[in-house]
1. How about residue 86: which lysines have a C-alpha closer than 17 Å to its C-alpha, ignoring those fewer than 8 places off in the same chain?
2. What's the ranking of 94-102, 67-75 by average number of surrounding C-beta atoms within 10 Å, highest first?
3. For the chain, give the percent of accessible area contributed by carbon and sulfur heavy atoms, probe 1.4 Å, rounded to a whole number.
4. Positive end of the charge dipole of the range 1-49 (Lys, Arg +1 and Asp, Glu -1 on Cβ, about the Cα centre): tell me which of 37, 20, 9 has its Cα farthest that way.
5. The list [x] 22; [y] 28; [z] 54 gives values of percent of Cα pairs over 26 Å apart, and only one came from this structure; which label was calculated from it?
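The values are calculated or read from the model by the stated rules, or taken from the named source; none is laboratory data. Because the structure is predicted, anything quoted here is derived from the model rather than measured. Cβ coordinates were reconstructed from backbone atoms using ideal geometry, including for glycine residues, and neighbour counts include every protein chain displayed. Note: areas computed on protein heavy atoms with side chains; ligands, DNA, RNA excluded. Shrake-Rupley method; radii C 1.70, N 1.55, O 1.52, S 1.80 Å.
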Amino acid sequence: MYVHPEYDFYIFVREGVRLCSLVQRSLDSNRVLCPAYKGNYYAHPQNDRDFVCIRPDEVSWDWEQELVDKGERYIRYELKLSDMSKRDMQIEQHIKALKDKDSNPLELKPNLYGVGVDIPKLFTWIKKLCARGR
């Protein structure tokens, strides 16, 4: 969800079973929102990763009736990132871009002989140089 916040995400949960703790914590903290949920979903008989919505009063095929009679019902929850989460992600990306831009360990400030060294940046700079040389 964080990589592609523009996509729509759904989670299917067996009826009567609680949401996993990770999803529940995200919902409780308002980082992820659940604007809608819908019942009457069943696992597709030929592909266990697909779900079909079958209303018991609108059954059209024999396999649908068999699913309604014998299959487990699922609830589909729609999940979306909150605006707060999107803003936080943009801020983190902006901070990272600024840190990457200012990675030069040399400082031209009033220091000894007019040139100083930012030690944490120097170590990061050396690590990057060593990683490139491999």
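1. Residue 86 reaches 96.
2. 67-75, 94-102
3. Working: 5800 of 10860 Å².
Within the chain, the accessible surface is 53 percent carbon and sulfur.
4. Of the listed residues, the answer is 20.
5. [z]
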